[in-house]
Ligand SMILES: C[S@@+](CC[C@H](N)C(=O)[O-])C[C@H]1O[C@@H](n2cnc3c(N)ncnc32)[C@H](O)[C@@H]1O
C-alpha cells in the first residue's frame, strides 16, 4: 500500500501530528450518533456486512461460544450498540471519540416525550432499558479516543491487559460517514493518503485479532480495489484470509472486507 506519493504521505503524517495538538477531538462535534448501530431498519451492522453473513452477529458469537471459544468483541468507531444483548459475550470493548451512552438514553426520553402512542412509549422505554443495561454492564467498556493516534491503541492494549483479554474474536469497524472525505480526520486530505491511513488502521486492528477471529470492516471511499487487492496479497502471505465485496446498500458506498486468520494445521512426522 504504497501508491501514495511522498508528498501525500508526509501530508498525512502532518495532519496526524496536528491532531495530537488538537483538543477538539475531545468534543462531540465529530461524534455523530444519529444512527449509531441501534439496529434500526435499513441501518443494521448485519445489513452493511450482508455479503458475508447470513445470520446475526449475536448468532455468530453464540456459535463461537458453542464451539468452546472465547468471545471477546471489539467495536471500532462505535459503542457496541449493534449487539442485542451481552449474554454470550465474554467482553465488549468499544472505541469512539466520545461516550454517548447518557446522550442516547436522554434522546430516548426525548422521543418518549415527542411520541404519544402507547406502542411508541413502550418501544422507547424498552430502548432505554436496553441502553441502561449496556451502560451498566461490567462486560462492556467504552474507551474514548482518536483511533488515528498511537496513544488510543496503547490505551486499548492497557485495557486488554487489565481485563485479561488476549485478543479479540470478533472485530467490527463501521465508521460510516466518519470515513468520508469531509469527515475523515476532519479535513480534506490528499486522496492517496487514505491508502496509508487505512493500511495503518487495518494493521493495528488485525494485530489484535485472535487466531480464529473474524474482522469485518468498511473501507474509506477513496481506497480503490487495486489497493485492496495488494493489501489482500500482502496479508494472505502472512496467514490471513481476506474477502472483498463492494457494498451498495442504501446510503452506503465503497468496499467492505471480511478478514479471518487461516488456521495452520501442523503435520506431525
Ligand atoms: C456515524 S458514527 C458510526 C457509529 C457506529 N459504528 C455505526 O455504524 O452506527 C461515527 C463514529 O465514528 C467515531 N469516530 C469518528 N472519527 C473517529 C476517530 N478519529 N477515532 C475514533 N472514533 C472516531 C465517532 O465517535 C462515532 O462513534
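The values are calculated or read from the model by the stated rules, or taken from the named source; none is laboratory data. Please read all numbers here as calculations on a predicted model, not as lab measurements. Ideal geometry is used to build each Cβ from the backbone, glycine not excepted, and the neighbour counts take in all protein chains shown.
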Flagged in segment 242-259 as at pLDDT below 95 and either crowded, with 16+ Cβ neighbours inside 10 Å or more than 17 Å from residue 198 (Cα to Cα) (or both), in numbering order, are 247, 248, 249, 250, 251, 252, 254, 255, 256
Next on the checklist: Suppose the filter is more than 13 Å from the ligand (Cβ to nearest atom) and either more than 17 Å from the chain's Cα centre (by Cα) or assigned to a helix (DSSP H, G or I) (or both); does residue 84 pass it?
Outcome noted: no
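Counting residues that are in contact with a helix residue (DSSP H, G or I) (Cβ under 8 Å, 6 or more places away or on another chain) and touching a residue at least 12 places away in the same chain (Cβ under 8 Å), which helices (runs of 4 or more DSSP H) fully inside segment 137-247 reach at least 3?
Fully inside segment 137-247 and qualifying: 193-207, 225-236.
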Selection over segment 137-150 where residues are over 15 Å from the mean Cα position of the chain (by Cα), at pLDDT below 95 and closer than 15 Å to residue 80 by Cβ yields a count of 0
If we keep only residues of segment 175-195 that are more than 10 Å from the ligand (Cβ to nearest atom) and crowded, with 22+ Cβ neighbours inside 10 Å, then the residue modelled with the lowest pLDDT is 193
Flagged pairs (Cβ under 8 angstrom, 6 or more apart or on separate chains; first in segment 76-89, under 14 Å from residue 56 (Cβ atoms); second near the ligand (Cβ under 9 Å from one of its atoms) and in a strand (DSSP E or B)) are 82/75; 82/172
**Message:** Condition first: within 16 Å of the ligand (Cβ to nearest atom) and either modelled with pLDDT under 95 or over 19 Å from residue 178 (Cβ atoms) (or both). Can you find one or more residues in segment 87-94 that meet it?
**Reply:** yes
